Amino acid sequence: MSVSSESCYECGQDIAEGVGEPLYACLWNLPGAGGHHWAWVQVCPSCGAARRSRRTALLAGVALLVGALTALAGYHFLP
């Protein structure tokens, strides 16, 4: 049986050793000083899959928007 070493950065669920996925995240932001603290954290497999799904949907939406704007811009130059 594996020993739990960390908890998930997003949901707080205990992650067994070797099961978590690494994520480089901003842990805190100091607005006045302009300082950020970035570190490697662990996320559970379900949070990692959800994060990948959101990122894929966002990229597809941006690609669709850029394609539509490009087509619209090209439409104005047609004779």
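Just so it is clear, none of the values below were taken in a lab; they were calculated from the coordinates. Given the structure is predicted, the values throughout are model-derived calculations rather than measurements. So basically every Cβ, Gly included, is an ideal-geometry build from the backbone, and we count neighbours across all protein chains shown.
Given Cβ point charges of +1 (Lys, Arg) and -1 (Asp, Glu) and nothing else, what value in debye, to the nearest 20, does the dipole of segment 4-75 about its Cα centre take? In debye, rounded to 20, segment 4-75 gives about 380. Got the relative contact order for the chain handy, in percent, Cα pairs under 8 Å and 6 or more residues apart? The normalised contact order for the chain reaches 23 percent.
When the charge dipole of the chain is built from unit charges on Cβ atoms (+1 for Lys and Arg, -1 for Asp and Glu) and taken about the Cα centre, the candidate among 59, 27, 71 whose Cα reaches farthest toward its positive end is 71.
Checking (i) 21, 14, 10; (ii) 24, 15, 10; (iii) 40, 20, 7 against the coordinates, the calculated semi-axes √(5λ) of the Cα gyration tensor in Å falls under label (iii).
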